[in-house]
Amino acid sequence: MQLIEKLNWRYATKTMKTDRVPQSKIDNIIHAIRLTASSYGLQPYKLLVIENKELREALKGAAYNQSQVADASHLFVFAAYDNITEFHIDNYMALHAEVKGIDVAHMAPFKQMLAGSLLARTAEQNFNWASRQVYIALGTALIAAAAEEVDATPMEGFNPSKVDEVLNLKEQGLRSVLLLPIGYRDAANDKTAHAPKVRKKHADFVVEVK
Ligand SMILES: Cc1cc2nc3c(=O)[nH]c(=O)nc-3n(C[C@H](O)[C@H](O)[C@H](O)COP(=O)(O)O)c2cc1C
């Protein structure tokens, strides 16, 4: 299948089987998410990959009992940094220095630029900015899952405070932003499995400026 066919094939699966997705496919989806672009390259979020069934039953309760949370093969939770601090910026500079094989002192101008912009904001502003980076990762995850012919359901329909509590995210300086159950559609029992895609027509969507 070509990319467009795969994007037509994918849909926000409502009912999933409990079959396990092979680790190689899970690894490819995670790898694609790691390669996602982010502002400054800071990747201000973490990806939690949860298989534990008990934990997922608890999370399902926090997600208005959406069954995919527990039935899917894996549950991805995207959690953004609750703030950006000098600690995060220093870690990022150290990573740059390590990857490029240079002394971290050479990163000073970049550090100053990042600190000047990010440390001047409130924690809430930084969290909102980090959340926007998460949505870019979600897009990549959806395309990567489709490329692997694996189903995925993007979810905002959950109570973030409850999810944060179940996963102890506050203690880790994180806040949940999105859930993404990953698994296989139960096409026989999912009424939406064969529904046509509802998308704006090209002419209503694209503004061509020549
Ligand atoms: C950010 C975001 C949040 C969503 N939250 C939910 C959700 O909580 N539960 C759900 O069943 N679908 C959810 N959806 C799925 C959308 O309803 C779905 O993507 C949209 O109707 C288009 O249909 P399709 O993805 O099946 O083509 C969400 C989608 C996005 C992008």
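Every read-out reported here was derived from the displayed coordinates using simple, explicitly stated rules and does not represent laboratory data. Only a predicted model underlies this, so the values are computations on that prediction, with no experimental measurement involved. All Cβ positions, glycine included, derive from the backbone under ideal geometry; neighbour counts span all protein chains shown.
Take each complete run of DSSP H in the chain, measure how far its Cα atoms stretch along the helix's own axis, and keep only those covering 24 Å or more with mean Kyte-Doolittle hydropathy at least 0.0; list them.
Taking the DSSP H segments of the chain (at least 24 Å long, mean hydropathy at least 0.0), we get 123-147.
So for the chain, averaging the separation of alpha carbon pairs under 8 Å that are six or more residues apart and normalising by length, what relative contact order in percent results?
35
With the cut-off at 27 Å, tell me which of the pairs K25/K100; K6/K200; K53/K162 have Cα atoms farther apart than that.
Table pairs above 27 Å Cα-Cα are K25/K100.
Looking at H88, Y135, V99, which one has the Cα that reaches farthest to the positive end of the dipole of the chain (charges on Cβ: Lys, Arg +1; Asp, Glu -1)?
Y135
Please list, ordered by chain and number, the residues whose modelled amide H lies under 5 Å from the amide H of L174; skip anything fewer than 5 residues away on the same chain.
D82
Sequence-distant or interchain residues sharing an amide H contact under 5 Å with Y11, placed H: which?
For Y11, the qualifying residues are A152.
To the nearest 20 debye, what charge dipole does the chain have about its Cα centre, counting +1 at the Cβ of each Lys and Arg and -1 at the Cβ of each Asp and Glu?
Taking the Cα centre of the chain as origin, the dipole is about 660 debye.
As a footprinting exposure proxy, order Y81, Y184 by other Cβ within 10 Å, with the fewest listed first.
Fewest to most other Cβ atoms nearby, the residues stand as Y184, Y81.
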